[in-house]
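Student: Let me give you the structure first, and then I'll get to my questions.
The values are calculated or read from the model by the stated rules, or taken from the named source; none is laboratory data. Every value quoted in this text rests on a predicted model; they were computed, and no experiment measured them. Quick reminder, even Gly has a Cβ in these numbers, built from the backbone with ideal geometry, and neighbours come from all protein chains shown.
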Amino acid sequence: MSKFLGVPLKKPSEVDVVKPLNNLIQSTYNGATEEEKAKYAEAVNEFSKQRNTAIWKFFEKYEASLEIVYAYYDQICALETKIAASELQIPFKWKDAFDKGSIFGGKISLTHTSLLYEKVCVLFNIAALQSSIAASQQLDTDEGLKLAIKLLQQSAGIFQYLKGATPAAVPSEPTPDISQDTLVVLQALMVAQAQEVFILKAIKDNMKEQIIAKLCCQGEEFYADVLRAMQKESVRSLWDKEWIPTIAGKQAGFHALTQLYQSYVCRASKRIGEEIARLRNAVDLFKAAQSRGGNETYLDDYFSRAKRNLAESIKDNEFIYNEMIPELSTLASPGKAQLAKPLPIAAPLAANFKDIFTSLVPVELHRALTASDMRRNEIVNVEIMKLRESTQTLNAVLASLNLPAAVETADGNSGLPPSLQDKANEVRQKGGIESVQTLLKDLPELLNRNREILDETERLLDEERDSDNQLRTQFKERWTRIGSDKLTEMFRTNAKKYREVINNAIEADKVVRQKFETNQKGIQLLSLPPDQIQQSLPSSSGSVDPNCSSVQRLKKLMEDVETIKAEREAVESELKAATFDMKDEFLLALQKDGAIDEPALSLARIGQVLNPLQQQVRESVERQKSLVSDIQSAHGAFISETGNCGSSRDTLYQELATAYDSYVELLGNLQEGTKFYNDLTQLLVVFQNKISDFVFARKTEKEELLKDLTTESSRQACPATPALPSHYASTSGSGSDIPAGSAPNVPPVTPAMTAPYPAQMQGMPVPYGAQPNVPYPTYVPPPMPQSFNPYATLPYPGNYQYTGFPQGPPPGHYGTYPGSYATQQGGYPNQKPPGW
């Protein structure tokens, strides 16, 4: 077949992007530190180098060039989300791809100060490069065919995207190569050529003639569309002189191939007359294809095959079949099969894209993301707690009724009903009672680690306060620095909250331990091998008739119970996994409005993601109400019908069922509790570091003030010399008496009224100032762990609202650990500490 057509490239011009981009970044991120500004400048220089490399890589038409130009395009996409692209004043200049210039030199070009224009031109060249690389592939190999198909479809997708993106990027008259009519032609051309490669692969893979005929029929239609679009008056003069003849030849050629392969279908079904009619038309079309395309060897093998088959069929028809040759206009189309289509632009295009401007993130973005995550976690925690409390209530009802054990036949090995046998197996698989005991044993160590960190933190505060008070007492009004109690007010408030959290966790640990001790016997029994379980069971008072109607009814309800539990596990998993990235949306809002309306944006997205799951939670809880009612009613009928109640074995079954539920609950909550303590450790370490920085700053301030006070004391006047006694007077009468108080007076040094510690010394940690007139920046404590955990009884921080910072959820919105229900012992109480 003939060669493929590659789209010519737009020629770029080098331009200085460093200065304008640096200016824009500095104006947008004007609060950056010197170190951050240096990073921004380095990133801008890297971006400039990347552009200069990429724009000339387009002309190296190799597959290896694609990743380089892909990365530059991805970087443009990343950059335009972090700056106001419309404010970037860089004169990007690109020349028209199809203009060949004049005898006087020069080509049509367009200069536009818009990053979007640069993006459009880069995308055009990416699509053009893809078409050229596809045209250069070895199409006799599967690798070459596959790569050509992928690149041509990607190129078609880019040209399709540019039809909508160009008007927004170039409000003025665009160059002809990116006009709407041109882009329509190029998209259609790429799709047609991709369909042609699919046809080549189908022929190479020896697919059925009927399928190949349909593919060729669709290819002929695609090239006919391209030919019509290329001959429009607005674009006809753009194309290279070979383009239109090539497309016209391909259109006729694929029409001929359609008839040729459909003739094979006719021959197979002994429709000799139709076969001859199609072959005659194919021969004429092959001639037309070679004539139109100006290539006498185009499809020559297929042409020869068609002539040979036509001669054979005519001979067979004359001597054997004598069928009438139908008119061509009466023949039905073989149908069409479209495989080629434009592919959407991938994001990112490069396989290993790395954003150069990762540091370009406004402070508001981090705050908005933190607040959004807190909102999501709060809602997720509430919904999870609803599910767990409902499940606990359901388990309590079933245990009180000895279900499902009461309606099951005991297993021969363990003496347990199948449901309890499954529960015993699960307990053993999860480590049995030893797993719970191990976690319980680790809790005190984890707790002590956190308590020791907090104790040390409070000790540092106390030492600093005591030292300050001692010096204040010593120097009185000369100790002029602000008192520690005022500066550490927020520190101590947060330390108190941490202490309350730890105290609540201690109480929660007691509840967990008590629940374990209550169910220890049952958990221990479930952890035993089956033969030992059987030895521990009391004798049975009789068996239940499995064909009893009430038994059948209860068994069906137990299946419903398992179904609703499985559904809840799935919903809980979906709730925990229901995450979404608000970063891009917040950045776009920041660029457009100059601020992020976090509540509105977050709640809208949270609603989209969580509303369906919340509806499932509500439906599950409502369905349980009717299910419990049905179970209680059916159990009453069961007792009336069988008289089965109150045996010692039934009582043990109830205890084992309760022990299993407690085991699962304890194991899960202890694992969550362990994670809670580990997360709390990290927060306390951060808190301790803040306190250490504060104490170090205060110590430095103290030493400086002490130095000043010592110097002041050394410069003060000496006390007056006492008067000499009378017997010390001179007897000679020649010397004068020594006057009292003859020591020289030294002017006192004025004590410093302000602390010598600088307000913002470079590189020094700065403490927190509780008063507006204190030159210390505001200390912002880290938030408590926000993943779902039953220890989260206290939101952190609570009633202290920081202006401009995301606030923690109000108290009482987090579930307690390990959860409670009406008929079972409650889990960790949702206690509110004093002052919250």
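Student: Across the stretch 329-342, what is the total count of residues that are closer than 29 Å to Tyr72 by Cβ and surrounded by fewer than 18 Cβ atoms within 10 Å (Cβ to Cβ)?
Tutor: Initial filter on the stretch 329-342 (closer than 29 Å to Tyr72 by Cβ): 340-342.
Now restrict to residues that are surrounded by fewer than 18 Cβ atoms within 10 Å (Cβ to Cβ): 341.
Total satisfying the criteria: 1.
Student: Let me spell it out: the conditions are (1) of a type in the set (Ser, Thr, Tyr); (2) surrounded by fewer than 19 Cβ atoms within 10 Å (Cβ to Cβ); (3) under 30 Å from Glu507 (Cβ atoms), and Thr457 meets all of them except one. Which number is the exception?
Tutor: Unmet condition: (2).
Student: Determine which single condition Ala156 fails, assuming it passes every other condition in (1) more than 16 Å from Pro8 (Cα to Cα); (2) among the small types (Gly, Ala, Ser); (3) in contact with a Pro (Cβ under 6 Å, 6 or more places away or on another chain).
Tutor: All conditions pass for Ala156, except number (1).
Student: Here's something else I'd like to know. Name the single residue that is surrounded by the most Cβ atoms within 10 Å (Cβ to Cβ) among those in the stretch 356-378 being farther than 23 Å from Gly594 by Cβ and in contact with a helix residue (DSSP H, G or I) (Cβ under 6 Å, 6 or more places away or on another chain).
Tutor: Across the stretch 356-378, the extreme among qualifying residues is Arg376.
Student: Give me the pairs: first residue in the stretch 478-489 and in contact (Cβ under 8 Å) with a residue 60 or more places away in the chain, second residue polar (S, T, N, Q), beta-carbon distance under 8 Å, and six or more apart or on different chains, which are they?
Tutor: Short answer, once both residue conditions are applied: Thr480/Thr754; Ile482/Gln771; Ser484/Asn469; Lys486/Gln771.
Student: May I ask you to list pairs of residues, at least six apart or on different chains, whose Cβ atoms are under 9 Å apart, with the first in the stretch 580-602 being farther than 17 Å from Asp373 by Cβ and the second being in a helix (DSSP H, G or I)?
Tutor: The qualifying pairs are Leu590/Glu364; Leu590/Leu365; Leu590/Ala368; Gln591/Glu80; Gln591/Ala85; Ala595/Glu364; Ala595/Ala589.
Student: Let me ask something else about it. Please count how many residues of the stretch 609-630 are in contact (Cβ under 8 Å) with a residue 12 or more places away in the chain and under 19 Å from Ile384 (Cβ atoms).
Tutor: Going through the stretch 609-630 one residue at a time, the tally reaches 10.
Student: Being closer than 18 Å to Leu365 by Cα and either surrounded by fewer than 17 Cβ atoms within 10 Å (Cβ to Cβ) or at pLDDT 90 or above (or both) is the requirement here; does Ser27 meet it?
Tutor: In short, yes.
Student: Can I ask one more? Of the residues Pro174, Pro167, only one is touching a strand residue (DSSP E or B) at 6+ places or on another chain (Cβ under 9 Å), closer than 26 Å to Thr113 by Cα and not β-branched (Val, Ile, Thr); which? Can you show your working first?
Tutor: Numbers: Pro167 fails: touching a strand residue (DSSP E or B) at 6+ places or on another chain (Cβ under 9 Å).
Result: Pro174 is the single residue among Pro174, Pro167 that is touching a strand residue (DSSP E or B) at 6+ places or on another chain (Cβ under 9 Å), closer than 26 Å to Thr113 by Cα and not β-branched (Val, Ile, Thr).
Student: If you don't mind, another one. How many residues, within the stretch 275-325, are more than 14 Å from Gln259 (Cα to Cα) and part of a loop (DSSP other than H, G, I, E, B)?
Tutor: Looking only at that region, the number is 9.
Student: Here's something else I'd like to know. Grab the helices (runs of 4 or more DSSP H) fully contained in the stretch 416-514, keeping just those with 2 or more residues being of a type in the set (Val, Ile, Thr). Can you show your working first?
Tutor: On the way: elements: 418-429, 432-475, 484-487.
Where helices (runs of 4 or more DSSP H) fall fully within the stretch 416-514 and carry at least 2 residues being of a type in the set (Val, Ile, Thr), they are 432-475.
Student: Considering (1) of a type outside the set (Val, Ile, Thr); (2) under 23 Å from Ser65 (Cα atoms); (3) modelled with pLDDT of 90 or more, say which one Ala347 fails and leave the rest.
Tutor: (3)
Student: Take the residues in the stretch 209-236 that are of a type in the set (Gly, Ala, Ser) and within 44 Å of the chain's Cα centre (by Cα), then tell me which one is surrounded by the most Cβ atoms within 10 Å (Cβ to Cβ). Full working, then the answer.
Tutor: Keep residues of the stretch 209-236 that are of a type in the set (Gly, Ala, Ser), which gives 213, 219, 224, 229, 234.
Still in the running and within 44 Å of the chain's Cα centre (by Cα): 219, 229.
Working: Gly219: 31, Ala229: 19.
That would be Gly219.
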